[in-house]
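Peer 1: What follows is a single structure, and I will ask about it in a moment.
The values are calculated or read from the model by the stated rules, or taken from the named source; none is laboratory data. As the structure is a prediction and not an experimental result, all values here were calculated from the model. Every residue, glycine among them, receives a Cβ derived from its backbone with ideal geometry; neighbour counts consider all protein chains shown. SASA here: full protein model, heavy atoms, side chains in, ligands and nucleic acids out. Shrake-Rupley method; radii C 1.70, N 1.55, O 1.52, S 1.80 Å.
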Amino acid sequence: VVDVFMRFKPWKQFNIQIGQFKHPFSIESPTYLPKNIEAINNSMGAVNLVQKYGLTDGQTGRQIGINLYGGFIQKEGYSIINYDLGVYNGNGINKKDDNNAKDISGRLTIMPIKDLKISASYYWGKYGKNKARYERYAGGFAYDKPEGLIIRSEYIGGNTAGQYSHSAYAVVGYHIGPKWTAFWQYDFYQADVKDEQSQKTNLVIGAAWQPLKYLRAQVNYYNTQNYNFTKNSNHVAVLVTGIF
């Protein structure tokens, strides 16, 4: 099971979601899905500090829990002030809770205009039977206009059982009509702020072509710079996605 949840939406200002789902932390992880993100891969910060839980891969940023959300000051098609506040088991997906602690998460998003989001997020919890501390914080903005300019940048940091990590990325791109998107991305991640050799940087140039609603092709060129004295690398990735 990946996503299974129920929503109760009595008002625009107050709604409830309960089940297993992507917890609303950061701009990129819950908002930019494989069907609409410019790059083939998520940023390294989103992968390592949001989509993992603790030190475990394969969690995809999902948790079992309850989330309260809503928006204030309504405009045509969006709310200027938006919030999320959640309580979760804090053990990743498809797993029962293994301690008596619960995780909490909050996100505030301001949309002064329709295509601009300014967001800050915080997540705190304890994972595993030894209740290791798990903390995440993020802040950034995204301007993404359909058939227009893309500018997005975000900082994500955290503490995993005493190991502090941080990351930052910036994306600049353009939707060329309804079918084409071109972009450039700077992506930085440091697994341990006390260890300079744990740094890694990706410079990415890419394009996406979507001729049909459910058919998409992407090509990305990656220049990877390592700080642990291993050889830097260059590679090209191609992805074709279809739904039928």
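Peer 1: Checking the structure you have, find out if any residue of segment 23-43 is touching a strand residue (DSSP E or B) at 6+ places or on another chain (Cβ under 9 Å) and over 30 Å from ALA207 (Cβ atoms).
Peer 2: Within segment 23-43, one or more residues are touching a strand residue (DSSP E or B) at 6+ places or on another chain (Cβ under 9 Å) and over 30 Å from ALA207 (Cβ atoms).
Peer 1: Scan segment 192-214 residue by residue and report those that are hydrophobic (A, V, I, L, M, F, W, C) and modelled with pLDDT of 95 or more.
Peer 2: The answer is VAL193, LEU203, VAL204, ILE205, ALA207, ALA208, TRP209.
Peer 1: Now for a different question. Would you mind stating whether ILE93 is over 24 Å from VAL171 (Cα atoms) and either modelled with pLDDT of 90 or more or among the small types (Gly, Ala, Ser) (or both)?
Peer 2: No, not satisfied.
Peer 1: Looking only at segment 2-41, which residues are more than 30 Å from TRP209 (Cβ to Cβ) and free of Cβ contacts under 8 Å to residues at least 24 places away in the same chain?
Peer 2: VAL4, PHE5, MET6, ARG7, PHE8, LYS9, PRO10
Peer 1: Which one is surrounded by the fewest Cβ atoms within 10 Å (Cβ to Cβ) among residues in segment 12-47 that are among the aromatic types (Phe, Trp, Tyr) and assigned to a loop (DSSP other than H, G, I, E, B)?
Peer 2: PHE14
Peer 1: Here's something else I'd like to know. Within segment 199-216, how many residues are without any contact (Cβ under 8 Å) to a residue 24 or more places away in the chain and either in a strand (DSSP E or B) or open to solvent by less than 40 Å² (accessible area, probe 1.4 Å) (or both)?
Peer 2: Initial filter on segment 199-216 (without any contact (Cβ under 8 Å) to a residue 24 or more places away in the chain): 203, 205, 212-213.
Add one more test, that the residue is either in a strand (DSSP E or B) or open to solvent by less than 40 Å² (accessible area, probe 1.4 Å) (or both), and what stays is 203, 205, 212.
So the count comes out to 3.
Peer 1: Now a separate question. One residue is enough: does segment 48-65 have a residue meeting the conditions in contact with a Gly (Cβ under 8 Å, 6 or more places away or on another chain), in a helix (DSSP H, G or I) and either among the β-branched types (Val, Ile, Thr) or touching a residue at least 40 places away in the same chain (Cβ under 8 Å) (or both)?
Peer 2: Checked against the condition, which is being in contact with a Gly (Cβ under 8 Å, 6 or more places away or on another chain), in a helix (DSSP H, G or I) and either among the β-branched types (Val, Ile, Thr) or touching a residue at least 40 places away in the same chain (Cβ under 8 Å) (or both), segment 48-65 yields at least one hit.
Peer 1: On the given criteria, is ALA101 within 23 Å of ARG62 (Cβ to Cβ), without any contact (Cβ under 8 Å) to a residue 60 or more places away in the chain and within 17 Å of the chain's Cα centre (by Cα)?
Peer 2: Answer is no for this residue.
Peer 1: Could you tell me which of the residues LYS75, LYS52, LYS9 is open to solvent by 10 Å² or more (accessible area, probe 1.4 Å), farther than 26 Å from TYR134 by Cβ and at pLDDT below 95?
Peer 2: Working: LYS52 fails: farther than 26 Å from TYR134 by Cβ; LYS9 fails: at pLDDT below 95.
Only one candidate qualifies: LYS75.
Peer 1: Within segment 104-140, can you find the residues that are over 22 Å from THR56 (Cβ atoms), of a type outside the set (A, V, I, L, M) and in a loop (DSSP other than H, G, I, E, B)?
Peer 2: PRO112, LYS114, ASP115
Peer 1: Take the residues of segment 55-69 that are open to solvent by 40 Å² or more (accessible area, probe 1.4 Å) and not charged (D, E, K, R): which is nearest to ALA170 (Cα to Cα)? Outline the logic, then answer.
Peer 2: At the first step, the residues of segment 55-69 found to be open to solvent by 40 Å² or more (accessible area, probe 1.4 Å) are 55-58, 60, 64, 66, 68-69.
Pick out the ones that are also not charged (D, E, K, R) and you get 55-56, 58, 60, 64, 66, 68-69.
Working: LEU55: 25, THR56: 26, GLY58: 25, THR60: 21, ILE64: 30, ILE66: 31, LEU68: 29, TYR69: 27 Å.
Checked segment 55-69; the qualifying residue nearest to ALA170 (Cα to Cα) is THR60.
Peer 1: Moving on to the next point. Here is a list of conditions, (1) open to solvent by 60 Å² or more (accessible area, probe 1.4 Å); (2) modelled with pLDDT of 95 or more; (3) not hydrophobic (A, V, I, L, M, F, W, C), and ASN100 meets all of them except one; can you say which number that is?
Peer 2: (2)
Peer 1: If you don't mind, there's one more thing I want to ask. If you take the residues in segment 78-97 that are open to solvent by less than 50 Å² (accessible area, probe 1.4 Å) and assigned to a loop (DSSP other than H, G, I, E, B), which one is nearest to PHE5 (Cα to Cα)?
Peer 2: ILE93
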